[in-house]
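The values are calculated or read from the model by the stated rules, or taken from the named source; none is laboratory data. Since we're looking at a predicted model, the values are computed, not measured. Quick reminder, even Gly has a Cβ in these numbers, built from the backbone with ideal geometry, and neighbours come from all protein chains shown. With ligands, DNA and RNA removed, areas are computed over all heavy atoms of the protein, side chains included. Shrake-Rupley method; radii C 1.70, N 1.55, O 1.52, S 1.80 Å.
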Protein chains: 2
Amino acid sequence: MRKDAGSAIYQLVRRGQAETQRDIEAETGLSRGTATQRISELIAAGLLIEGPTRASGGGRPARGFLVNPHYRNVVGVDLGESQGRACLFDLSGAKLDQQVFALDLRADPGVTLDRVEDAVAMLDVSAMRSAPIAAVGLSVPAPLDVASGRVAMPSVMYGWENLDIRQALGARIGLPVAVDNDVNLLCLAEQRLNWPNCRNFAFIKIGTGIGCGIMVGGRLMRGASGTAGDLGHIQHGLQPAPLCRCGKEGCTEAHAAGWALARDLRGLGFDCQDARDVMALWLRGEPEALAALNRGSRVLGKVAADLVAMVNPQVLVIGGQLARAGEAMLAGVRELIYQRCLPLATQQLVIALAAETDDLGVLGAACLAMDEIEV
Amino acid sequence: MRKDAGSAIYQLVRRGQAETQRDIEAETGLSRGTATQRISELIAAGLLIEGPTRASGGGRPARGFLVNPHYRNVVGVDLGESQGRACLFDLSGAKLDQQVFALDLRADPGVTLDRVEDAVAMLDVSAMRSAPIAAVGLSVPAPLDVASGRVAMPSVMYGWENLDIRQALGARIGLPVAVDNDVNLLCLAEQRLNWPNCRNFAFIKIGTGIGCGIMVGGRLMRGASGTAGDLGHIQHGLQPAPLCRCGKEGCTEAHAAGWALARDLRGLGFDCQDARDVMALWLRGEPEALAALNRGSRVLGKVAADLVAMVNPQVLVIGGQLARAGEAMLAGVRELIYQRCLPLATQQLVIALAAETDDLGVLGAACLAMDEIEV
DNA sequence: CGTCTTTTGTATAATATTGCACAAAACTAG
DNA sequence: CTAGTTTTGTGCAATATTATACAAAAGACG
């Protein structure tokens, strides 16, 4: 930190928090001379490139800087429950190539790590690669104690509890590795992509399950043991209180998650196994599916209102499979938030849908990897 | 920041995050030479003093450092609804003197600021003063947008909405002023006093009202507009849902706050106006009061569980008038948290009572003031 | 075209910090 | 007492940063 003003500058630009030399001087507190010198060094070294100049307000327009997308590449890996995906990105977040592989999280972790290692090796020899791979980010579908690098039990990742994933994978592929849980990384990707200047941010994923990532002061809030944002298992007093996957009754998930809506729709005679099926029924215009989404939306709205009351984010983004229902899903969330929260908390609150892309998870993992790049 | 390694060192020691030179080197990243030099300068300037040496583990014991309590004094001011209190502190947090004054927050803010100004002036000539007053911290019983220095409407502070309190008071007394709301400052005081190494901390105040302060990464989480931690008005599905002071129904406060318990006890024929009366009945051993506290405790437990699920603090402290009931108040909170939250979130969670002191509010204000001291 | 404004570049002396090597101090354990 | 461990102090050359002042660049505006 002391050693490297250049690193601080690079990180600011990379995160979109500074675009011009003036921004950089203001954000870092560096003097003009130092900023000038370091910036030109970064450009000479190929880390930064000149971007478009900012609009002028009567004076010389400010020169904009961008990260050189082709200085390095990174790999983002998303481990799903039955499939893994490793994508190669340049530093602008553009996807260059990908590898998909089957996996079984209940099997020996070593097998899964083999798959990841293979996928990274394939990407390393990809024709699309534009620069050396500098780091790998990994998204896992389980709560993670980032301090120890271990998944928390119980989760879908049986047998992983004693493995320091970061270290184990790093030793295999010989690159810096960063790991976090999937929802945190969706949150990170959405913030970096679409809300780079928002420092108090929340992302709720409503798909088969329900989870949430929270950013405070521009950083992911992981909590003391890595479980912050666990609103899927906040319990409601609603009757009847259906049994949840976690063994408790009346959790948010048991009312509103994809698996719960699918369960309800099956009860009405539909063939509906998961969140994807729920959305298919909704797309077909089945009124029962819309009704289920509306009900789910309002239950989600309750915890979203709790979240807004407690965390007071500036932007709240709803993502995940069920968020593709758009306003059908936002309506209840908006309703409950505006009904229940202080005007002061909601006045400036933006409630939005996530970018419609399947790559958000791997992109988040890639963002994490980019944070690992030493300059 | 760049200019002053000494300042960084001083702040670390002041906050209890570093006690020895080794700690300081590790926390700041400074080199040994710089640390040695800056520390001796700080001692020469009277900012730090030598404390007791740490226990040795087979080698030379580390020299401990403390802030010199008598380098400066600060004033913490707590504005209550009918009374204000300004206390003079040294930098160890020892209270040296105090001034109490009547006030009416519904009156012209100028009158109140006059009172505060007078109180500070009195403390400045107090015989107990051990050093020049360096800054003033102010606790206000209303949500505050720290960015603009203004209280949020609606609140008990009618007529204050267009006043930048920090600036207005600073102009009057000619000292740096910091302002925050009361619950945040209780949280800050409790953390600094009793949990200096805890960086993910939460404090719930249950008195006449209910509020909460949250610290993430060692800093108060104020949220985008200063309303973070508003769990007093999270609504529950419990029936009947009593009308709350805020106009909504079924809020946490309407079930569990001091005013609500007093309302219930009045309904049972007791003469009970506020939290203090509730505690008096409890101390007298009235079973109805204990029952009310138990009910309140379990409602509070629900939002506390929500808080733990969302924020995952390492330490949760319960304070305020009703917390003097001790286990009677903690029981329900513990019960609901352990029942509802993930084991991972509760395994290492400490749930404790706040220090039993009326000075926590002014001490929090003083802590805020200490943060304003330029070194 | 000149004037104004804003942004950037450069030079310089004064400070501040790092990394390293070596030494000394102050303990514990046996 | 001796050997080992941990912590602290010091000196020095190489870097890094600041503050400041002045100059130049690049646009808007009339």
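Tell me which residues, restricted to segment A:152-167, are in contact with a helix residue (DSSP H, G or I) (Cβ under 7 Å, 6 or more places away or on another chain) and crowded, with 16+ Cβ neighbours inside 10 Å. Write out each step before concluding.
Taking segment A:152-167 and keeping what is in contact with a helix residue (DSSP H, G or I) (Cβ under 7 Å, 6 or more places away or on another chain), we get A:152, A:159-160, A:163.
Within segment A:152-167, A:152, A:160, A:163 qualify.
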- Message: Step by step: first the residues of segment B:17-46, then only those that are in contact with a Leu (Cβ under 9 Å, 6 or more places away or on another chain) and more than 14 Å from every other protein chain (Cβ to nearest Cβ), then the one that is nearest to DNA strand C (Cβ to nearest atom). Which residue is that?
- Response: B:41
- Query: Out of the residues in segment B:1-10 that are without any contact (Cβ under 8 Å) to a residue 24 or more places away in the chain and within 10 Å of DNA strand D (Cβ to nearest atom), which is surrounded by the most Cβ atoms within 10 Å (Cβ to Cβ)?
  - Reply: B:2
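Among the residues of segment A:26-68, how many are in a strand (DSSP E or B) and aliphatic (A, V, I, L, M)? Show your work before the answer.
Start the filter on segment A:26-68 by keeping residues that are in a strand (DSSP E or B), which leaves A:48-50, A:64-67.
Among the residues that remain, those that are also aliphatic (A, V, I, L, M) are: A:48-49, A:66-67.
Qualifying residue count, segment A:26-68: 4.
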- Message: List the residue pairs whose Cβ atoms are under 7 Å apart, where the first residue sits in segment B:54-75 and is near DNA strand C (Cβ under 8 Å from one of its atoms), the second is open to solvent by 80 Å² or more (accessible area, probe 1.4 Å), and the two are 6 or more positions apart or on different chains.
- Response: B:61/B:53; B:61/B:54; B:61/B:55
- Task: List every residue pair whose Cβ atoms lie under 8 Å apart, where the two residues are 6 or more positions apart in sequence or sit on different chains, the first residue falls within segment B:11-33 and is on the phi > 0 side of the Ramachandran plot, and the second residue, located anywhere, is more than 12 Å from DNA strand D (Cβ to nearest atom).
- Result: B:16/B:192; B:16/B:196; B:16/B:197
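Determine whether segment B:227-246 contains at least one residue that is within 14 Å of chain A (Cβ to nearest Cβ), in a strand (DSSP E or B) and under 12 Å from the mean Cα position of the chain (by Cα).
So in segment B:227-246, the residues within 14 Å of chain A (Cβ to nearest Cβ) come out as B:227-241, B:244-246.
Narrowing further to those that are in a strand (DSSP E or B): B:235.
If we keep only those that are under 12 Å from the mean Cα position of the chain (by Cα) too, we end up with none.
Taking every residue of segment B:227-246 in turn, none turns out to be within 14 Å of chain A (Cβ to nearest Cβ), in a strand (DSSP E or B) and under 12 Å from the mean Cα position of the chain (by Cα).
Residues that are open to solvent by 60 Å² or more (accessible area, probe 1.4 Å) and over 25 Å from residue A:47 (Cβ atoms): does segment A:122-132 have at least one?
Of all residues in segment A:122-132, those open to solvent by 60 Å² or more (accessible area, probe 1.4 Å) come to A:122, A:124-125, A:127-129, A:132.
Subset that is over 25 Å from residue A:47 (Cβ atoms): A:122.
Looking through segment A:122-132, at least one residue is open to solvent by 60 Å² or more (accessible area, probe 1.4 Å) and over 25 Å from residue A:47 (Cβ atoms).
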- Message: So residue A:132 passes all but one of these: (1) within 28 Å of residue A:15 (Cα to Cα); (2) without any contact (Cβ under 8 Å) to a residue 24 or more places away in the chain. Which condition number does it fail?
- Response: (2)
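Could you tell me which of the residues A:42, A:91 is within 18 Å of residue A:12 (Cβ to Cβ), within 16 Å of DNA strand D (Cβ to nearest atom) and open to solvent by less than 30 Å² (accessible area, probe 1.4 Å)?
Working: A:91 fails: within 16 Å of DNA strand D (Cβ to nearest atom).
One residue alone meets the criteria, A:42.
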- Message: in the same structural domain as residue B:155 (by TED's automatic domain parsing), buried (at least 17 other Cβ atoms within 10 Å of the Cβ) and away from DNA strand C (no atom under 15 Å from the Cβ): is that true of residue B:106 in this structure?
- Response: no
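Out of segment B:109-119, which residues are open to solvent by 40 Å² or more (accessible area, probe 1.4 Å) and either of a type in the set (A, V, I, L, M) or not assigned by TED's automatic domain parsing to the domain that holds residue B:166 (or both)?
Step one: of segment B:109-119, the residues open to solvent by 40 Å² or more (accessible area, probe 1.4 Å) are B:111, B:114-115, B:117-118.
Residue satisfying the conditions is B:111 alone.
Return yes when residue B:14 is near DNA strand D (Cβ under 9 Å from one of its atoms) and among the basic types (Lys, Arg) and no when it is not.
Here the answer is no, as residue B:14 does not meet what is asked.
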- Return the residue satisfying two criteria in turn: it lies in segment B:48-67 and is within 27 Å of residue B:373 (Cβ to Cβ) and in contact with a Lys or Arg (Cβ under 7 Å, 6 or more places away or on another chain), and of such residues it is modelled with the lowest pLDDT. B:53
- Task: Go through segment A:150-159 and count every residue that is within 14 Å of chain B (Cβ to nearest Cβ) and within 18 Å of residue A:78 (Cβ to Cβ).
- Result: 3
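Considering only segment B:22-37, state which residues are over 29 Å from the mean Cα position of the chain (by Cα) and either near DNA strand D (Cβ under 10 Å from one of its atoms) or of a type in the set (D, E, K, R) (or both).
So the first thing to find is which residues in segment B:22-37 are over 29 Å from the mean Cα position of the chain (by Cα), and the list is B:22, B:25, B:29-37.
Residues satisfying the conditions are B:22, B:25, B:31, B:32, B:33, B:34, B:35, B:36, B:37.
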- Message: Going by what's in this entry, would residue A:49 be described as within 12 Å of DNA strand C (Cβ to nearest atom) and either open to solvent by less than 50 Å² (accessible area, probe 1.4 Å) or among the aliphatic types (A, V, I, L, M) (or both)?
- Response: no
- Task: Could you list all residues from segment B:69-94 that are part of a strand (DSSP E or B) and in contact with a Gly (Cβ under 9 Å, 6 or more places away or on another chain)?
- Result: B:74, B:75, B:76, B:77, B:78, B:85, B:86, B:87, B:88, B:89
- Message: Residues that are under 21 Å from the mean Cα position of the chain (by Cα) and either farther than 23 Å from residue A:145 by Cβ or within 13 Å of chain B (Cβ to nearest Cβ) (or both): does segment A:260-273 have at least one?
- Response: no
- Give just the number: which of (1) open to solvent by 10 Å² or more (accessible area, probe 1.4 Å); (2) at pLDDT below 95; (3) β-branched (Val, Ile, Thr) does residue B:216 not satisfy? (2)
- Query: For segment A:20-39, which residues satisfy the criterion of being within 24 Å of residue A:364 (Cβ to Cβ) and buried (at least 19 other Cβ atoms within 10 Å of the Cβ)?
  - Reply: none
- Message: Tally up the residues in segment A:189-213 that are open to solvent by 30 Å² or more (accessible area, probe 1.4 Å) and of a type in the set (Phe, Trp, Tyr), please.
- Response: 1
